[in-house]
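Single-structure report; data block below.
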Amino acid sequence: MDNENTDKKLQSKNIKPTAMRELVLKVLTEEKTAISLPELESKFEKAEKTTLYRTLKTFEKHKLIHSIDDGSGTMRYALCSDSCVCDPEDLHVHFYCTKCKKTYCLNDIPVPTINLPVGFTLENVNMVVKGICSNCSKF
C-alpha cells in the first residue's frame, strides 16, 4: 500500500495521517494474521511502545482495526474490512493455532446469533476457535 492509499484509508476513518500511523497501517495491511503489540514493536527499530500502543488504540477507536483476545495472554489486532462498522453483525470467528501461536480472522464465518434475555444489550462477542492452522498441518 503506497502513501496515497494509506492516507486515504486513514482519512476515510477520520484519522489524521502521521508518519507513524502510515507505517503501522502498512504493517497491518501486510500481515496475514492478527498482530500483538510486542510483534509490532519488533518491526520498528526506534518506535516507542507507548506511541505504537496509542496508534493501535486510535485505530481501534475509529474502527480501522479490531482487537482479539485469543486466550494467549496478549491482545492481538487485525484490520477491519472496509465495510465494517464493528456492529455485532460484523463480528466474525477467530482461529488461534496452538502450534505456531498465530491468530487468523475468519471473516467469512460470522459469530452465531446470540439470543439474550430481555433487557440485555449485546455490545461485543469474542469467539475464538483453537486448533492447528493449514500451514502447520502440512508438517
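Is one or more of the residues making up segment 81-104 farther than 18 Å from T29 by Cα and touching a residue at least 60 places away in the same chain (Cβ under 8 Å)? No, every residue in segment 81-104 fails to be farther than 18 Å from T29 by Cα and touching a residue at least 60 places away in the same chain (Cβ under 8 Å).
Could you list all residues from segment 90-115 that are under 20 Å from C133 (Cβ atoms) and hydrophobic (A, V, I, L, M, F, W, C)? Within segment 90-115, V93, F95, C97, C100, C105, L106, I109, V111 qualify.
Within segment 13-63, the set of residues being of a type in the set (S, T, N, Q) and closer than 22 Å to C105 by Cα comprises T29, T33, S36, S42, T55, T58.
Only the coordinates and a few stated rules stand behind these numbers; no lab work does. Just so we're clear, the structure is a prediction, and the values are computed from it rather than from any experiment. Heads up, the Cβs are rebuilt from the backbone with ideal geometry, glycines too, and the neighbour counts pull from every protein chain shown.
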